[in-house]
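These notes concern the structure reproduced below.
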Amino acid sequence: MKYKKIEVDYKTIQENNKTSTLVSKVLAFRNCSEKQIDELLNHQKELTVNPSKQLSEVSDRIIKAKANNEKIFVGGDYDADGICATSILVDTLNTLGIENGYYIPNRFKEGYGLHPTIVQQAFDKGYKLIITVDNGVKAFDALSLAKNLGIEVIILDHHEIEQTPDCTYILHPDFFGDPFKGMCGAGVTLQLSNKLLGYTPRHIALACVATMGDIMELWGENRTIVRLGLQIINQHQIPHLDALLDTQNEVTEKDIAYQVVPKLNAVGRLQELANPNNVVKFFLTNNPAEIHSFAKQMNELNDQRKQMTLQMSVLAEKKNLDDDFIIVTDERFHEGLVGLLAGKIASKYNKPTLVFSENDEVYKGSGRSVQGFDLYSFFAEGFEDMFTSFGGHSGAIGCSVKKDDFDEFKKRIILKYNSIEVQTEAVESTCVLLADEIELTAIQEYLSLAPFGQGFKDVTFAISDLKVKNLQWIKQKFLKLQFENNIEAIWFDVDTNVDVNSIHTVYGECTINAFLGRKKCSLNVKSID
């Protein structure tokens, strides 16, 4: 990774907003608009009432279902967003006293979304109203069958609408105005819950988890959902999430992203070992013993997922990873974990990467890209005859290729990739900061801008005037540095090529280290030169 130092013009922002130099530089560095600056500095304390006409119509239809004693079937999805969205809607229907059922399909046997077989089974059980959450806009065959069977379908989804689905109603962020655009499936479902029940802490917390899990832009209502969700979680109102978290400190958006989300996703990735429908039961139960039991199983499953991914990584490292476009296959790779492995390899070698699990007839794989390369566009043309399934976006794809076509598929990738000019050198822009601009009050003001994430990420600072007072190696792995100005730093991923006795610039994130009631300005070091 190379670091590019950016000097910013921050004076106007500082004068207009009376912010510290550190925060003013951050706002300028992130090119924040006046609206975004206002959103960051003046936190919204409540969720916004959604005035959508479609939302009112869907709400009315559900109230009508209650009056008519109609059953409602909920069709969910197996990732963190889909699980949370299903839990929110089912809990809403339960609270309203509406008889309901739900089902999240098996990732490997049934695949994503609402299928005709699910519609038929719902019909056979007497359902005349289906609501999909975090899926539905591409379920054309299932929607056609539902229409023929006289079943109404309401879609709550956030995925791209390529063709208008034939359904009774659709709730989608594209049809909401600001600040509701860019929501995940659970965020959309939360709008309906809010309309029917008012604000429910459990639902807000689940939407917070889903928003982080689907890496949504943290602006508008998404930012409010995550902030309020974290407040609720830190007040220990949601014992289910307490049981999935392993931290003694205040829970942050990073804890949700790195501790909770992977455990939910692991259930969908390893469906021969677990069932995401049971995670919905977990979020719906109020029995402490059941919560503890479910959480223990999910924690153990995630540990197993980590071990399986590590084993796959060891296998992958023994293969040829020298090509500019890495393609790795193995019959021992787990189909549900190939995306995680592709991400690890792409990050480590800074090369676009495809990883496939080998089956008898079809190779099922996942790809991850690197900065500056649109993986989806690369495969969108010239490979149509190769794929039995294909989807994704610029940074990640999922696909399947027939075994008999795979050698030709690899040749075509190499030929096309070598014929285009690709700039994939990893360069991170950093905000230039002076040592005397790093103060406790300034860092506290900066941290108050949280949540950080997609759309407004943690800033990496470049500080070139730090004066070292002391260096200390911890367990011969980590480097702890003490600077003048009462600033300390910790470097976990030490680059052994760097001469730590001759430091010019420190690149890192600003935080506060609180120990025994004493607070110090601290840097989480990414690199040193």
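The values are calculated or read from the model by the stated rules, or taken from the named source; none is laboratory data. Owing to the predicted nature of the structure, the values given are computational and were not obtained by experimental measurement. All Cβ positions, even for glycine, are placed from backbone atoms using ideal geometry, and neighbour counts span all protein chains on display. Surface accessibility is based on the protein's heavy atoms, side chains included, excluding ligands, DNA and RNA. Shrake-Rupley method; radii C 1.70, N 1.55, O 1.52, S 1.80 Å.
Read through the list (1) open to solvent by 40 Å² or more (accessible area, probe 1.4 Å); (2) touching an Asp or Glu at 6+ places or on another chain (Cβ under 8 Å); (3) free of Cβ contacts under 8 Å to residues at least 40 places away in the same chain, then give the number of the only condition that GLY113 fails.
All conditions pass for GLY113, except number (1).
Test of understanding: among THR441, THR460, which residue is over 30 Å from the mean Cα position of the chain (by Cα), polar (S, T, N, Q) and closer than 30 Å to ARG227 by Cα?
On the way: THR460 fails: over 30 Å from the mean Cα position of the chain (by Cα).
Of THR441, THR460, the one residue that is over 30 Å from the mean Cα position of the chain (by Cα), polar (S, T, N, Q) and closer than 30 Å to ARG227 by Cα is THR441.
Given the criteria among the β-branched types (Val, Ile, Thr) and modelled with pLDDT under 95, does VAL370 qualify?
Judged against the criteria, VAL370 is a match.
Quick check on segment 134-152. Is at least one of its residues touching a residue at least 60 places away in the same chain (Cβ under 8 Å), assigned to a loop (DSSP other than H, G, I, E, B) and open to solvent by 50 Å² or more (accessible area, probe 1.4 Å)?
no
List the residue pairs whose Cβ atoms are under 8 Å apart, where the first residue sits in segment 192-221 and is farther than 18 Å from ILE155 by Cα, the second is aromatic (Phe, Trp, Tyr) and open to solvent by less than 10 Å² (accessible area, probe 1.4 Å), and the two are 6 or more positions apart or on different chains.
Taking only residues 6 or more apart or on different chains, the pairs are ARG202/PHE283; LEU206/PHE283; LEU218/PHE456; TRP219/PHE456; GLY220/PHE180; GLU221/PHE180.
Looking only at segment 153-164, filter to residues that are closer than 18 Å to CYS184 by Cβ and in contact with a Ser or Thr (Cβ under 9 Å, 6 or more places away or on another chain); which one of those is surrounded by the fewest Cβ atoms within 10 Å (Cβ to Cβ)?
ILE154
Return yes when ILE13 is crowded, with 19+ Cβ neighbours inside 10 Å, within 23 Å of the chain's Cα centre (by Cα) and of a type in the set (A, V, I, L, M) and no when it is not.
Taking the combined requirement at face value, the residue does not satisfy it.
Can you tell me how many residues in segment 71-105 are more than 28 Å from PRO262 (Cβ to Cβ), open to solvent by 40 Å² or more (accessible area, probe 1.4 Å) and not in a helix (DSSP H, G or I)?
Count: 3.
Can you give me the number of residues within segment 302-353 that are open to solvent by less than 30 Å² (accessible area, probe 1.4 Å), hydrophobic (A, V, I, L, M, F, W, C) and farther than 26 Å from LEU264 by Cα?
Summing the residues that are open to solvent by less than 30 Å² (accessible area, probe 1.4 Å), hydrophobic (A, V, I, L, M, F, W, C) and farther than 26 Å from LEU264 by Cα in segment 302-353 gives 4.
Given the options PHE282, PHE325, name the one that is at negative phi, in contact with a His (Cβ under 8 Å, 6 or more places away or on another chain) and modelled with pLDDT of 95 or more.
PHE282
Restricting segment 165-204 to residues that are in a helix (DSSP H, G or I), of a type in the set (A, V, I, L, M) and open to solvent by less than 40 Å² (accessible area, probe 1.4 Å), which is nearest to ASP60 (Cα to Cα)?
LEU196
Taking segment 307-335, which residues are in a loop (DSSP other than H, G, I, E, B), touching a Lys or Arg at 6+ places or on another chain (Cβ under 9 Å) and not charged (D, E, K, R)? First the steps, then the outcome.
Taking segment 307-335 and keeping what is in a loop (DSSP other than H, G, I, E, B), we get 318-325, 331-334.
After this cut, where a residue has to be touching a Lys or Arg at 6+ places or on another chain (Cβ under 9 Å) as well, the list is 321, 323-325, 334.
The answer is LEU321, PHE325, HIS334.
Out of the residues in segment 475-484 meeting the condition of being touching a residue at least 12 places away in the same chain (Cβ under 8 Å) and open to solvent by less than 90 Å² (accessible area, probe 1.4 Å), tell me which one is farthest from ASP529 (Cα to Cα).
If we take residues in segment 475-484 being touching a residue at least 12 places away in the same chain (Cβ under 8 Å) and open to solvent by less than 90 Å² (accessible area, probe 1.4 Å), then GLU484 is farthest from ASP529 (Cα to Cα).
What is the residue count in segment 394-412 for residues that are under 23 Å from the mean Cα position of the chain (by Cα) and either surrounded by fewer than 12 Cβ atoms within 10 Å (Cβ to Cβ) or under 15 Å from THR329 (Cα atoms) (or both)?
The qualifying residues number 2.
Residue-wise test of (1) outside any loop (DSSP other than H, G, I, E, B); (2) aromatic (Phe, Trp, Tyr); (3) open to solvent by less than 80 Å² (accessible area, probe 1.4 Å).
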| residue | (1), (2), (3) |
| --- | --- |
| ILE490 | yes, no, yes |
| THR496 | no, no, no |
| SER502 | no, no, yes |
| CYS510 | yes, no, yes |
| ALA514 | yes, no, yes |
| LYS519 | yes, no, no |
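Yes or no: LEU190 of a type in the set (A, V, I, L, M, F, W, C) and more than 13 Å from LEU47 (Cα to Cα)?
Details: of a type in the set (A, V, I, L, M, F, W, C): yes; more than 13 Å from LEU47 (Cα to Cα): no.
So LEU190 does not fit the description; no.
Here is a list of conditions, (1) open to solvent by 70 Å² or more (accessible area, probe 1.4 Å); (2) touching a strand residue (DSSP E or B) at 6+ places or on another chain (Cβ under 7 Å), and LYS457 meets all of them except one; can you say which number that is?
All conditions are met except number (2).
For segment 277-306, what are the residues that are part of a helix (DSSP H, G or I) and farther than 21 Å from ASP79 by Cβ?
PRO288, ALA289, GLU290, ILE291, HIS292, SER293, LYS296, listed by residue number.
Go through segment 492-529 and give me each residue that's within 22 Å of GLU250 (Cα to Cα) and either at pLDDT below 90 or among the hydrophobic types (A, V, I, L, M, F, W, C) (or both).
PHE492, CYS510, ILE512, ALA514, PHE515, LEU516, GLY517, ARG518, CYS521, LEU523, VAL525, listed by residue number.
Go through segment 383-393 and give me each residue that's over 15 Å from the mean Cα position of the chain (by Cα) and among the small types (Gly, Ala, Ser). Give the derivation first.
Quick first cut of segment 383-393, residues over 15 Å from the mean Cα position of the chain (by Cα) only: 383-391.
The answer is SER389, GLY391.
Could you run through segment 364-390 and say how many residues are open to solvent by 30 Å² or more (accessible area, probe 1.4 Å), assigned to a strand (DSSP E or B) and out of contact with any Ser or Thr (no Cβ under 7 Å at 6 or more places or on another chain)?
Number of matching residues: 1.
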